[in-house]
Amino acid sequence: MQSDIINFATKLLSKCIPIKVQYFKMANWDFSNFEEDSDFSSMINHHLLKCLKPYLKQCETSTITNIITPFHTHHYVLCISKDDNEHLVVGPFVENPITDDLVYPIINNLNLNLDYASKLKLYYQSLPSIDTSTVYEILFTINEYITKNENPPHLNTVDLSILPKQDSSYDLFVKDLNRTSMYKKLEERYAGEDRLLSYITKGDIVLAQKEFAKNPISHSEIIRTKDSLRNTKNLLLSANTLFRRAAYIGGVPPLYLDELSEKWAIKIEQALSLELLNSFPIQMINSYCLLTKEHSLSKYSPIVKQALMFINLNISSNLTVKKVAFEVGLSPDYLTRLFKKELGVNIITYINRKRIDTSLELLKNVNLSIEEIGDLIGLSNTSYFYTIFKREIGVSPKQYRNSLKSK
């Protein structure tokens, strides 16, 4: 029953104020619940642990302790039961925004390199600014409900905002940090990225999705700006470049790559929320995998690949076997045999199918007439366009467009 009350109180507190709330027993407390595993956040946890040691020595049941860390952040801890070693911790938060005037004295007190200034500033921006009296009143109410004691809990303070220099050196922290684990995670992350790119190169959507699920793209891992929206956009733009390169290695012609890459660059820049941006990575992976699967030329010989790229780039012109053969430096007869062997169709059939595929997309644009679409795909003879379209699709271009409007 006691645990149910505590779980309810924890959830209620989380909804009342935007702060991390954790119920814990010191014996099995996992610091990973508080901060992500990184060099900087591990240092924060290191100093928080130093603050909790004096707290545990002096805490009593129904006591609320305000812990002020060397980073000038607050953690309010309610001792639910000293005998059972149960505690409710709220934080970190700041009572007043941390300004640049305070950042550098904190760096000096902790004997840190100035390189940490930008990380500290971003860290403070991520913390809520809340009046400590508000937190106290909520914990007081929770304590009253759990203990049935209407007397106000005693308030203690553990203030380690100013550390003795011998305790604040970063070198001391390094001795306590298990870097082997951290380096292993970094290696796993980069290996995962390599696997993801290799799956995009192969156009394997299933494996690419599974790999992304294991190693999702997180803007919190790579911080470059104070603006989290801008930071996420920068990360996605970098991913867009990597995915484009992977698809290129997979044999997708630059024409298609540029079109898809530009589409994603525009969508990323125009996005107005983190929620929308966070939905993009899996969509981007799927689109690049599909592009590779549909347009990869890697399985063809260099000559046929060159012919295909010429056709794709000149689909709107008056293409003939003779023109394509001249471009790749072969006789029309030899290129025709080679093309038939590798693709299973002759050159003209392939060209017409590519034209019809393109026209299917253009027909979705109601501003273009069927005659204009025919001109754009190299079939200015409207009657011939209708004949080929109906042979490939089963209906006329007009009937196809009408079916789109009725949906």
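The values are calculated or read from the model by the stated rules, or taken from the named source; none is laboratory data. In this text, all values refer to a predicted model and were calculated from it rather than measured experimentally. Using ideal geometry, Cβ is built from the backbone for each residue, glycine included, and neighbour counts are taken over all protein chains shown. Heavy atoms of the whole protein, side chains included, go into the accessibility calculation; ligands, DNA and RNA do not. Shrake-Rupley method; radii C 1.70, N 1.55, O 1.52, S 1.80 Å.
Taking 0.36 nm per intervening residue step and subtracting the Cα-Cα distance, what contour gain separates Thr99 from Val345 on full extension? Provide the component values of the computation, followed by the final result.
Numbers: separation 246, 0.36 × 246 = 88.56 nm, distance 6.95 nm.
Full extension from Thr99 to Val345 adds 81.6 nm.
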From the cross-link list Lys305/Lys354; Lys20/Lys82; Lys233/Lys354; Lys202/Lys390; Lys25/Lys50, the entries with a Cα-Cα span beyond 24 Å are Lys233/Lys354; Lys202/Lys390
For the stretch 329-407 and the stretch 251-326, write down the distance between their C-alpha centroids in whole Å. 18 Å
Probe 1.4 Å - accessible area at Tyr190, Å² to nearest ten: 120 Å²
Measure off 7 Å from each Cα along the Cα-to-Cβ vector at Lys11 and Arg230, then give the distance between these two points in nanometres to one decimal. 4.0 nm
So, with points 7 Å from each Cα along the Cβ direction, the Glu259-Asp84 label distance in nm works out to 6.5 nm
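If contacts are Cα pairs under 8 angstrom and at least 6 residues apart, what is the relative contact order of the stretch 267-407 in percent?
On the way: 96 pairs, mean separation 23.9, N = 141.
The value is 17 percent.
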Simple label model, 7 Å out from Cα along Cβ direction - Thr141 to Arg337, nm: 8.8 nm
How high is the FRET efficiency between Lys119 and Leu376 when r is their beta carbon distance and R₀ equals 60 Å, given to the nearest 0.05? 0.70
Exposure rank, largest accessible area first [Ile205, Ile377; 1.4 Å]: Ile205, Ile377
So if we plug the beta-carbon distance of Gln58 and Thr134 into 1/(1 + (r/R0)^6) with R0 = 25 Å, what FRET efficiency do we get, rounded to 0.05? 0.55
